[in-house]
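Asks: Take a look at the following structure, please.
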Amino acid sequence: MQGELLAALFGLGGTLIGAAVSTGAVVWQQRKTAREAERTYLLGLSEAAANECIRLSYEIQAHFKKGVGDQRSPAGREWHAELQRMNQSLEEQSLRFHDKQIRRLLDRCYAEMYVRAEWVGDPDGWPPRYITLCTDIRTVMGAVLRRQPFPARIWENYPDPS
């Protein structure tokens, strides 16, 4: 009788251990799948944001090519309002990137265009600063789309303001 009881206890123990391992494996797999789904979702958001930033960079470049408007005139105020709208869109897109360097670069670009539009659009500098800013945005966004690391040489165009 003791042998049968011992065999039953071993059988019960094996069943419980098997159930625990099986449940643990299912929970682990579900968490892994959820992490992968979240990563894929975030990657999709950053790719869409990168494409939008590229589009905006061409739009901003064309806007500056028209010439910076004088804020004292109605046409100049309209020009600056349009630039502010594009900068706001660029800022919104920057929030979708996980990489802090990308967010920092976009912050620098739209802040420089917003605060120093006359200097950024000055055609006397070669190349005009807006060309450099827009080209850098496209370079970084291309790296995002190709899933390459942030191109560190970009920072050469942005000396430390201090």
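The values are calculated or read from the model by the stated rules, or taken from the named source; none is laboratory data. If you're wondering where the values come from, they're calculated on a predicted model, not measured in any experiment. Ideal geometry is used to build each Cβ from the backbone, glycine not excepted, and the neighbour counts take in all protein chains shown. The area values use the complete protein model at the heavy-atom level, side chains included, leaving out ligands, DNA and RNA. Shrake-Rupley method; radii C 1.70, N 1.55, O 1.52, S 1.80 Å.
Asks: Looking at (1) in contact with a Phe, Trp or Tyr (Cβ under 7 Å, 6 or more places away or on another chain); (2) under 15 Å from residue 118 (Cβ atoms); (3) at pLDDT 90 or above, which is the only condition residue 61 fails?
Replies: Single failed check for residue 61: (2).
Asks: Then there is this: Looking at region 107-137, which of the residues that are surrounded by fewer than 18 Cβ atoms within 10 Å (Cβ to Cβ) and more than 20 Å from residue 69 (Cβ to Cβ) is nearest to the chain's Cα centre (by Cα)?
Replies: Going through the qualifying residues, I end up with 107.
Asks: Those residues that are under 22 Å from residue 126 (Cβ atoms) and either out of contact with any Phe, Trp or Tyr (no Cβ under 6 Å at 6 or more places or on another chain) or aliphatic (A, V, I, L, M) (or both), I need them from region 64-79; list them, please.
Replies: Answer for region 64-79, where residues must be under 22 Å from residue 126 (Cβ atoms) and either out of contact with any Phe, Trp or Tyr (no Cβ under 6 Å at 6 or more places or on another chain) or aliphatic (A, V, I, L, M) (or both): 65, 66, 67, 68.
Asks: Let me ask something else. Which of the residues belonging to region 143-157 are under 15 Å from residue 109 (Cβ atoms) and open to solvent by 10 Å² or more (accessible area, probe 1.4 Å)?
Replies: Passing the criteria: 144, 150, 151, 155, 156, 157.
Asks: What residue, among those in region 66-94 that are touching a residue at least 12 places away in the same chain (Cβ under 8 Å) and in a loop (DSSP other than H, G, I, E, B), is surrounded by the most Cβ atoms within 10 Å (Cβ to Cβ)?
Replies: Here the residue is 68.
Asks: Only one of these conditions is not met by residue 104: (1) assigned to a loop (DSSP other than H, G, I, E, B); (2) surrounded by fewer than 21 Cβ atoms within 10 Å (Cβ to Cβ). Which number is it?
Replies: Here residue 104 clears every test but (1).
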